[in-house]
1. How many residues, within the range 66-83, are under 17 Å from Ile23 (Cβ atoms) and either among the hydrophobic types (A, V, I, L, M, F, W, C) or surrounded by 14 or more Cβ atoms within 10 Å (Cβ to Cβ) (or both)?
2. With Tyr10, Tyr91 as the choices, which residue is within 30 Å of Ile232 (Cβ to Cβ) and either modelled with pLDDT under 95 or surrounded by fewer than 16 Cβ atoms within 10 Å (Cβ to Cβ) (or both)?
3. Are any residues in the range 104-122 among the charged types (D, E, K, R), under 26 Å from Asp201 (Cα atoms) and in contact with a strand residue (DSSP E or B) (Cβ under 9 Å, 6 or more places away or on another chain), and if so, which ones?
4. Please work out which residue is nearest to Val113 (Cα to Cα), limiting yourself to the range 147-184 and to residues that are open to solvent by 10 Å² or more (accessible area, probe 1.4 Å), in contact with a helix residue (DSSP H, G or I) (Cβ under 6 Å, 6 or more places away or on another chain) and not in a loop (DSSP other than H, G, I, E, B).
5. Does the range 104-116 include one or more residues that are closer than 24 Å to Ile211 by Cβ, in a strand (DSSP E or B), open to solvent by 10 Å² or more (accessible area, probe 1.4 Å) and not aromatic (Phe, Trp, Tyr)?
6. Being touching a helix residue (DSSP H, G or I) at 6+ places or on another chain (Cβ under 8 Å), open to solvent by 10 Å² or more (accessible area, probe 1.4 Å), closer than 18 Å to Val136 by Cβ and modelled with pLDDT of 95 or more narrows it down to one residue among Tyr244, Tyr230; which is it?
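The values are calculated or read from the model by the stated rules, or taken from the named source; none is laboratory data. Quantities reported herein were computed from a predicted structural model and do not represent experimental measurements. Please note: Cβ atoms are built from the backbone with ideal geometry, for glycine as well, and neighbour counts cover all protein chains shown. Please note that ligands, DNA and RNA were not included when accessible areas were found on the heavy atoms of the full protein model with its side chains. Shrake-Rupley method; radii C 1.70, N 1.55, O 1.52, S 1.80 Å.
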Amino acid sequence: MDVKEWYMEYKIHKNRPGLLGDIASLMGMLDINIVTINGVEDRTRGMLLQTNDEEKIDLMGKMLKKVDNITITALRPPKLVDILAVRHGRYIERDSDDRKTFRFTRDELGLLVDFLGEVFKREGNHVIGLRGMPRVGKTESIIAGSVCANKRWTFVSSTLLRQTVRSQLSEDEMTPNNVFIIDGIVSTIRSNEKHHSLLQDIMAMPSTKVIEHPDIFIRESEYTYNHFDYIIELRNSPDEEINYDSFTYTSEPF
């Protein structure tokens, strides 16, 4: 059987000496390998595990339910948020009603870059919306995530260096392996017909697209919220309001 990864998380009620050793010994006897372990949130521990026998995972879960000092809160194939929780020791904040929306603050840029890097590594079509006020670190995070994923990034529209709208891309830029960076306001409000045609071609490609200001992009284009796989919100502080009242752009097509 193939070796598969699992994520296990448990809440500690009484952190007695030797508790972790007892759990690790049980896993050792079942030939379940601990790949990564870390504290996650308050009195919670997360583990990434490996085994080639799913029945051993089920058996371990049943046995650990009998341990009074802990409560198993998760035992499943790892999701992206699980992997990052073990790496960074905390869960990414998600919207309770809209599960595709993830929230970060500027002091969590390292976690955001890691999140983006993991998404960028995936093959196929992925559309990511990135909300945030100017100079909060949106574009810089996308570039850093691309570096982490060993991917080339391509600006389709941007205000990073100057307000620009691309009307064409070179052959080596039009590759699914690139991460395409799109400013949703510039591409919809300050674009031309050639840019709109290029944008449609890119959106149809099996590639990763990151769209800054996705709300304006949806409002001003034929694309909808359903086209997005993730919505990321980046704020300077948790209570910062993201609004577009002060946004004014001009463009220079090239």
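1. Of the residues in that region, 7 qualify.
2. Only one candidate qualifies: Tyr91.
3. Arg122
4. In this case the residue turns out to be Cys148.
5. Within the range 104-116, one or more residues are closer than 24 Å to Ile211 by Cβ, in a strand (DSSP E or B), open to solvent by 10 Å² or more (accessible area, probe 1.4 Å) and not aromatic (Phe, Trp, Tyr).
6. One residue alone meets the criteria, Tyr230.
Conditions (1) over 25 Å from Asn177 (Cβ atoms); (2) touching a Ser or Thr at 6+ places or on another chain (Cβ under 8 Å); (3) aliphatic (A, V, I, L, M), marked per residue:
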| position | (1), (2), (3) |
| --- | --- |
| Ile72 | yes, no, yes |
| Gly89 | yes, no, no |
| Ile92 | yes, no, yes |
| Asp95 | yes, yes, no |
| Arg103 | yes, no, no |
| Lys121 | no, no, no |
| Gly129 | no, no, no |
| Thr139 | no, yes, no |
